[in-house]
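What follows is a set of notes on a single structure, which appears directly below.
The values are calculated or read from the model by the stated rules, or taken from the named source; none is laboratory data. The shown structure was predicted, so the numbers you read here are calculated from the model rather than taken from an experiment. Ideal geometry is used to build each Cβ from the backbone, glycine not excepted, and the neighbour counts take in all protein chains shown. The accessibility values were calculated without ligands, DNA or RNA, using every heavy atom of the protein model including side chains. Shrake-Rupley method; radii C 1.70, N 1.55, O 1.52, S 1.80 Å.
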Amino acid sequence: MSEHCHCHDEEHLYHDHSCEEQSKYEFVLNEYADTPTDEEIARAIKRAGEKVEKNNNKEILKKLFASLDLTTLKCTDNAESVLALTEKVNALEEKYPDLKNVAAICVYPNFASIVSQSLEVENVQVACVSGGFPSSQTFPEVKIAETALALKDGATEIDIVLSVGKFLSGDYESVCDEIEELKDICGEKSLKVILETGVLQSTENIKKAAILSMYSGADFIKTSTGKEASGATPEAAYIMCKAIKEYYAKSGRKVGFKAAGGINSIEDALLYYNIVEDTLGKEWLDSKLFRIGTSRLANTLLSEITGE
């Protein structure tokens with residue numbers, strides 16, 4: 001457990017060092033105590049849904065394609081299958097030079113070296129899930145070692161899962177310490193924290209998990225692993241985007257949003273795009289701040305864009 005508070009300069013106003021460690025996190029959460037009502041969430045999703053048809057055009061589909069974290073996280077993944085996926089991304093550059101490529105290839109950490117060594121295109125990130133993915137149930141030392149090894153092997157982004165069990169039991173200190181330590185290891189490289197919203201049980205918990213993750217250094221907050229029964233939902237996305245907006249207003253730090261888990265259709269992707277646009281504005285609709293994690297959507301989008 002770290003004895004110091006690793007905090008970002010713009011957030012010093014939230015740290016009362018005279019308080020007990022535990023109350024520090026309560027203090028932060030009290031700064032962001034407002035949670036959206038069910039009615040507000042329903043209205044926002046209805047509004048976003050009404051724009052799906054209008055936004056289903058080539059320009060926006062190209063933006064969606066460029067925001068994809070092309071993901072393979074199967075127990076059957078092997079060196080050959082991961083290499084084949086990377087080669088597909090390389091081939092896209094040659095076949096469609098005017099199309100902005102996917103944002104990242106996302107794999108298990110043991111495949112970081114294969115992707116980083118065989119990826120021939122610029123501006124495509126090597127993302128690795130880490131820290132005991134997908135349950136986050138392992139020793140902190142293992143999480144640190146796994147993350148450090150993935151980075152050493154060429155990962156440029158790390159996706160970790162919030163320690164949901166600790167969070168639900170109210171142990172915010174351990175949850176935040178862990179994120180801070182893993183962000184320290186990542187340094188300038190992007191850290192995405194997966195909230196696993198489907199098991200967080202309430203709007204209030206999703207908001208709290210989002211705030212604590214951002215406060216502890218997350219560069220992105222992400223809906224889900226895709227390994228639980230409930231993946232991404234528009235409701236969770238809206239709550240998270242509202243938290244990002246509020247956090248930015250108070251801290252001045254922009255945190256990205258990633259939807260993942262069961263996003264299989266263009267309509268699904270457009271709904272998340274519209275939620276982000278309506279809540280956070282167009283400046284968030286860039287792959288630096290907006291991602292969609294998917295294994296299936298890339299081909300569908302490509303077919304729509306190219307007409308092939």
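The magnitude of the dipole of the chain, with charges of +1 and -1 set on the Cβ of Lys/Arg and Asp/Glu and taken from the Cα centre, is near 920 debye. For the range 169-198 versus the range 51-68, the spacing of their alpha-carbon centroids is 31 Å. Heavy-atom accessible surface of ASP219, to the nearest 10 Å², is about 40 Å², with a 1.4 Å probe and all protein chains retained. Ligands, DNA and RNA left out, the accessible area of the range 50-112 computed with a 1.4 Å probe is 55% carbon and sulfur.
Pairs from the list LYS62/LYS282; LYS63/LYS288; LYS46/LYS207; LYS63/LYS100; LYS207/LYS254; LYS62/LYS242 with a Cα-Cα gap above 18 Å: LYS46/LYS207; LYS62/LYS242. Look at the dipole of the chain built from charges on Cβ: of ILE41, THR203, THR138, the Cα furthest out on the positive end belongs to ILE41.
Per residue, the accessible area of the chain comes to 44 Å², computed with a 1.4 Å probe over protein heavy atoms only. Against the chain, whose longest principal axis comes from its Cα atoms, helix 38-50 is set at around 20 degrees. Mind grabbing the accessible area of TYR108 for me, 1.4 Å probe, Å², rounded to tens? Around 50 Å² of this residue is reachable by solvent. Taking the Cα atoms only, what angle lies between the long axis of helix 140-152 and the longest principal axis of the chain, rounded to 10 degrees? Roughly 40 degrees, rounded to the nearest 10. Just to verify a number: what accessible area does SER113 come out at with the full protein assembly present, 1.4 Å probe, Å² rounded to tens? Its heavy atoms expose roughly 30 Å² to the probe.
The spread of Cα positions in the range 213-308, taken along each principal axis and listed from longest to shortest, comes to 46, 30, 20 Å. Heavy-atom accessible area, probed at 1.4 angstrom with all protein chains present, ranks CYS75, CYS186 as CYS75, CYS186, highest first.
Rounded to the nearest 10 degrees, the angle from helix 234-251 to the longest Cα principal axis of the chain is 60 degrees.
Positive end of the dipole of the chain (Cβ unit charges, origin at the Cα centre): among ALA148, VAL126, ASN299, the Cα lying farthest that way belongs to ASN299.
Tell me whether the chain comes out rounded, prolate or oblate; compute the Cα gyration tensor, take square roots of the eigenvalues as a ≥ b ≥ c, and use a/c under 1.5 as the rounded threshold.
Oblate, because a/c is 1.5 or more while a/b does not exceed b/c.
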